[in-house]
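The values are calculated or read from the model by the stated rules, or taken from the named source; none is laboratory data. The structure presented is a predicted model; accordingly, all values stated were derived computationally and were not measured. Here the Cβ is made from the backbone with ideal geometry for all residues, glycine too, and neighbour counts use every protein chain on show.
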Amino acid sequence: MSFHRRMRSFAPDQIQITDEFWSTWHKTLSMAALPHQFQQLVDSGRIANFERVWGANGGTFEGYRFNDSDVYKWQEATAYALKNVDNPKLREQFELTVDVVERTQMADGYVNSYIQNGRLEDRLRNLNALHELYCLGHLIEAGVAAKIYLGHDRLYRIAVRAADFVCDVFGPDKRLGFCGHEEIELALIKLSSCSADNKYRELAHWMIEKRGQRPSIFDAELKDERALSLSPLSAKLMKSTTGYSGEYAQDHAPIREHDAVVGHAVRAMYLYIAATDLADGKNDEELELALTRCWDSLTSKRMYITGGIGPSGENEGFTHDFDLPNSTAYAETCAAIGLAIWGHRMLEQTENADYADTMERAFYNGALSGISLDGTGYFYDNPLESRGNNKRTPWFGCACCPPNIARLIASVGQYAFGISDRSFYIHMPIGAVAKAKIAGQDVKFTLTGTYPWNGTFSLEVNLEEPTSFEVCVRIPEWADEVATEIAGASEEADYRSGYAVFDRTWRDGDVLQVDLEMEPKWIEANPLVRDDIGRVALTRGPLVFCAEEHDLGYAPQLLSVDTEAEPEIGPSKAFPNARSLNVEGEALVADPADSLYMPAGSTSTRATSAAMIPYYLWNNRGPNNMQVWLRQR
Ligand code: FUB
Ligand code: ZN
């Protein structure tokens, strides 16, 4: 094993998403979701918090101390979204947010409206809990996105000043420090790639290596009365019964010793995203092994079938292996997003399609469930069962998830394809036109299909001169049969790490047809997952399905499914453009219907058939009973 990143994502001006599924989302983002989120940023005081710093708005700071990050994440999402689908009004809103951040930024590059609203003497006093570097990290990501996607220099310069501030304060021979919530590291790495200045990457590297060392800087903060008084609750989260633990913020051990993913799920994902990038080309076997161990233990013991991770609300994170309760699943939208991104980074380093399988699982299920079809209703936690007590809401006090899912959806093109010197990779076959120089030739790739509803797609290649290069098509773990054909050619694919590789001389107009068999599949969980014993979940292709009372007319908890009967695919009655799966089974009927307890054997069943919908669509018609893991007849 040796992490080496040969493949890259397409630059924004090289790719255009034409896929019906995703371009519908892109319209929703630009025309509905992001304008809606902007209004929420205004109404919740997040914009006013900046204005208050320079006296343009009355009152004092409102909300959570990391609320600035929601503005930055929104800016990042908006930069991607405007590139996909322009909306002049949204562009204006974007400029307004840049104005307020620019005006708030201090001469030394620091900006944080919580601290600047009367708490300057506590600046960087409690790195563990106050999220200042986390917020700056999101600002840096926004600046990089603005530059690359919109050519927007002003936000980029603000971001560079902020990053320079971080470099001025922290580092070898300067202050030892990093943030309780990882994020700055991955942002600094992005900035290094964008600016070609390696100092940001070096600082990120240093921060990651210092985390988990002893004595812990966070433990010292817990012992500093003033620092602790800024966030008394943080002590509880960082300690175990025997004293300081640090697990919550992945400060329990140096990264090279990690063997399982612990603590707060989003924090962990952001750490490993950065660490995976840093392992690139270093031949650092110890780090690669640690990352692989953590990935394997996460995806084989601590991940929901939806790609949701972090079952517990108490630490917003991990508990123990196989602890995957359904109705109380926290499975924060941001955590599934983090998993998708980490999967993508591991994929880039290894070119192994297993990572894309998990990335795709999280993308189409546990992350996408975080946003309603109209773009204005959100989930923070994504349970796999509901008794009618879950409801999508327009916003949250802690609103990390809405702008986060927006930025993931808006940038789907970065994740779906890869390009290297002489290879074009299809990780997720979504409709797109992508242009790149490959093996010295300008090549246009046009992918046409109806993913995720069907696994058939075609890829047309256009170029001036016949050129030899590879087209690598991921064979998903769910596809039992795969058929490929290049009209008029007889070459067969080679198989490499989960990709069908067509290494040949491509001529203008060549078309590769691919058929990934997309059959409905009933899945069982390891019985160690107590909640899933005797139950099955239904998948088809990348999608996990669920049963909602809205379709059944009764609670799916009453249903037991017949896994011998082949589920039938058809257009969804409830969601135009989507597909549902019709399953056969039996529903429980109590006799007499109104008794609470009765002699064993009194409950009978009636035959029933039920339409199951893709999980990501659940709760779009309001709260109701829902289940992913259904009882098996
Ligand atoms: O702390 C910042 C964000 O808020 C985290 O990533 C989420 O889990 C939520 O706690
Ligand atoms: Zn979140």
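One line per residue, one yes/no per condition, for (1) within 16 Å of ligand 1 (Cβ to nearest atom); (2) of a type outside the set (Phe, Trp, Tyr); (3) modelled with pLDDT of 95 or more:
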| residue | (1), (2), (3) |
| --- | --- |
| Tyr244 | no, no, yes |
| Gln250 | yes, yes, yes |
| His258 | no, yes, yes |
| Met269 | yes, yes, yes |
| Lys282 | no, yes, yes |
When you go through Ala129, Ala142, Ala146 one by one, which is the residue that is under 18 Å from Arg175 (Cα atoms), out of contact with any Pro (no Cβ under 6 Å at 6 or more places or on another chain) and not acidic (Asp, Glu)?
Ala129
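Quick check on this structure: which one of His138, His152, His131 is farther than 23 Å from Lys236 by Cα, within 16 Å of ligand 2 (Cβ to nearest atom) and crowded, with 17+ Cβ neighbours inside 10 Å? Even if it seems obvious, please write down each step before you answer.
Working: His152 fails: within 16 Å of ligand 2 (Cβ to nearest atom); His131 fails: farther than 23 Å from Lys236 by Cα.
After ruling out the rest, the residue left standing is His138.
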In the range 47-72, residues that are within 18 Å of Glu183 (Cβ to Cβ) and without any contact (Cβ under 8 Å) to a residue 40 or more places away in the chain total 1
Specify the residue that is farthest from Gln627 (Cα to Cα); the eligible residues are those in the range 327-343 that are within 11 Å of ligand 1 (Cβ to nearest atom) and in contact with a Pro (Cβ under 9 Å, 6 or more places away or on another chain).
Thr333
Inter-residue pairs, beta-carbon under 8 Å, first in a helix (DSSP H, G or I) and in the range 334-357, second surrounded by fewer than 24 Cβ atoms within 10 Å (Cβ to Cβ) and modelled with pLDDT under 95, 6+ apart:
Thr350/Met1
Here is a check on your reading of the model: is Ala578 in contact with a His (Cβ under 8 Å, 6 or more places away or on another chain) and surrounded by 14 or more Cβ atoms within 10 Å (Cβ to Cβ)?
no
Name the single residue that is nearest to the chain's Cα centre (by Cα) among those in the range 547-594 being at negative phi and polar (S, T, N, Q).
Ser580
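Please verify whether Ser44 is modelled with pLDDT of 95 or more, buried (at least 18 other Cβ atoms within 10 Å of the Cβ) and either more than 24 Å from Asn67 (Cα to Cα) or within 21 Å of the chain's Cα centre (by Cα) (or both), treating the condition exactly as stated.
No, not satisfied.
Of the residues Tyr380, Tyr451, Tyr415, Tyr425, only one is free of Cβ contacts under 8 Å to residues at least 60 places away in the same chain and crowded, with 19+ Cβ neighbours inside 10 Å; which?
Unique residue meeting the criteria: Tyr380.
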When every residue in the range 317-326 that is surrounded by 19 or more Cβ atoms within 10 Å (Cβ to Cβ) and within 16 Å of ligand 1 (Cβ to nearest atom) is compared, the one farthest from Ala187 (Cα to Cα) is Phe318
Qualifying helices (runs of 4 or more DSSP H) (wholly inside the range 201-266; at least 2 residues being in contact with a Lys or Arg (Cβ under 9 Å, 6 or more places away or on another chain) and at negative phi)
217-223, 225-229
Only one of these is closer than 28 Å to Ala410 by Cα, more than 12 Å from ligand 1 (Cβ to nearest atom) and surrounded by fewer than 23 Cβ atoms within 10 Å (Cβ to Cβ): Thr306, Thr299. Name it.
Thr299
Hey, can you tell me all the residues within the range 573-598 that are out of contact with any helix residue (DSSP H, G or I) (no Cβ under 7 Å at 6 or more places or on another chain) and within 15 Å of Ala547 (Cα to Cα)?
Lys573, Arg579, Ser580, Leu581, Asn582, Val583, Glu584, Gly585, Glu586
Does the range 301-310 contain at least one residue that is within 16 Å of ligand 2 (Cβ to nearest atom), not β-branched (Val, Ile, Thr) and not in a loop (DSSP other than H, G, I, E, B)?
no
